[in-house]
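The values are calculated or read from the model by the stated rules, or taken from the named source; none is laboratory data. Here the structure is a predicted model, which is why all the values come from computation and not from measurement. Virtual Cβ from ideal backbone geometry, glycine too; neighbours counted across all protein chains shown.
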Amino acid sequence: MKEKVEQLKAEIEQFEVNSVETLEKFRIAFLGSKGALKDLFGELKTVANEQKREAGQLVNGLRQFAQEKFDAQKESLESVQDSGNKIDTTRPGDSLEVGSRHPLSLVRSEIIEIFSRIGFTVSEGPEIEDDWHNFSALNFPAEHPARDMQDTFFIEKGSDPKSEMALRTHTSSVQVRVMENEKPPIRTISPGRVYRNEAISARAHCFFHQVEGLYIDKDVSFADLKQTLMYFAKEMFGDKAQIRLRPSYFPFTEPSAEVDVSCTICNSKGCNVCKYTGWLEILGCGMVDPNVLESSNIDSTVYSGFAFGMGVERIAQLKYRVNDLRLYSENDVRFLKQFTAGY
């Protein structure tokens, strides 16, 4: 037994390990379930009782010797492999590309921030609306021709308009919900996505974003509306910005107006962006129609109010001079990374 142990120890010492493959061969030959050491332990049964203790110690020592060589060779091979992938801490680091926020998110946040400074809160509502909140409560009777002004994505359409469900065509539906659930004074803006059944082009899209505002209290006048919009224009486009109001029509406001801002690109001198008029249209507004107040159980003889609505894409177009609406939803990184992470 002693001679076998010494012979096997010599084989272990002479076994050359220089790769992962030869290391595995070493393990199988000496430490595996069918290896030489396994056979040697099996022969202990044939050793005389008075010699078993000494023989057992020899065999256990040989197994420990083989295991130590295996572990040492394995560690050596791993260190060689790791050295090939070692990070050189003296090299300059790779610059990380900073992400950017979407231009519409930037403009939306800036609009909210501007109006929050004068006490407007933010209200949100569902994008799938019933007929009442999207049309009827806003002075759109079932046969009113103004319904034809907005091409709608209907989800449920039937003979009874009250049962119809559609993707909201404006965020004015959120204002109706606010008036139904809150008592005046009300001062809120409603940012959100809206949908129109229109062909997609550089100037139109089937979905876009709006921010609509509502202020209801006692003795609210058109002068209050004009001063609020003047404040917004100067905060958004600079101290030199001026506005003008042109008479218009909306079913839910009376009187109604379209609002233009002086062109900041040419300083109102006339350019191709403002079509050489010196003015750019930015939003619609007006005094809340008494019928709209009464529909939400607000006494129109006591309270009055104004409302306004603007397209976020329109403001972004004027701010960043982006003339193609499709760019906002195509997720082209080359376009998006032009915008900074803040405003």
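Out of TYR320, TYR303, TYR276, I need the residue that is of a type in the set (Phe, Trp, Tyr) and touching a Gly at 6+ places or on another chain (Cβ under 9 Å). Which one?
Being of a type in the set (Phe, Trp, Tyr) and touching a Gly at 6+ places or on another chain (Cβ under 9 Å) holds for just one of TYR320, TYR303, TYR276, which is TYR276.
Would you check which residues across the stretch 176-192 are in contact with a Leu (Cβ under 9 Å, 6 or more places away or on another chain) and of a type in the set (D, E, K, R) and list them?
Across the stretch 176-192, the qualifying residue is only ARG187.
Under the condition of being in a helix (DSSP H, G or I) and of a type in the set (S, T, N, Q), which residue from the stretch 1-39 is modelled with the lowest pLDDT?
Filtering the stretch 1-39 for residues that are in a helix (DSSP H, G or I) and of a type in the set (S, T, N, Q), the one modelled with the lowest pLDDT comes out as GLN7.
With (1) of a type outside the set (S, T, N, Q); (2) more than 30 Å from the chain's Cα centre (by Cα); (3) part of a helix (DSSP H, G or I) as the list, and TYR276 as the residue in question, which single condition is left unmet?
Every listed condition holds for TYR276 apart from (3).
When the residues of the stretch 192-210 are filtered to those that are touching a Ser or Thr at 6+ places or on another chain (Cβ under 7 Å) and within 23 Å of ILE118 (Cα to Cα), which remaining residue is surrounded by the most Cβ atoms within 10 Å (Cβ to Cβ)?
Restricting to residues being touching a Ser or Thr at 6+ places or on another chain (Cβ under 7 Å) and within 23 Å of ILE118 (Cα to Cα), the top hit is GLN210.
Among the residues of the stretch 194-218 satisfying the criterion of being more than 18 Å from VAL261 (Cα to Cα), at pLDDT 95 or above and of a type in the set (D, E, K, R), which is nearest to the chain's Cα centre (by Cα)?
This residue is ASP217.
Looking only at the stretch 208-242, count how many residues are free of Cβ contacts under 8 Å to residues at least 24 places away in the same chain and not in a loop (DSSP other than H, G, I, E, B).
5
Among (1) assigned to a helix (DSSP H, G or I); (2) under 34 Å from the mean Cα position of the chain (by Cα); (3) under 22 Å from ASN181 (Cα atoms); (4) not aromatic (Phe, Trp, Tyr), which single condition is GLU294 missing?
(2)
List every residue pair whose Cβ atoms sit under 6 Å apart, with the two residues 6 or more apart in sequence or on different chains, where the first one lies in the stretch 137-154 and is assigned by TED's automatic domain parsing to the domain that holds ARG193 and modelled with pLDDT under 70 and the second, anywhere, is surrounded by 13 or more Cβ atoms within 10 Å (Cβ to Cβ) and of a type outside the set (Gly, Ala, Ser).
Taking only residues 6 or more apart or on different chains, the pairs are ALA146/PHE140; ALA146/PRO251; ARG147/PHE140; GLN150/THR169.
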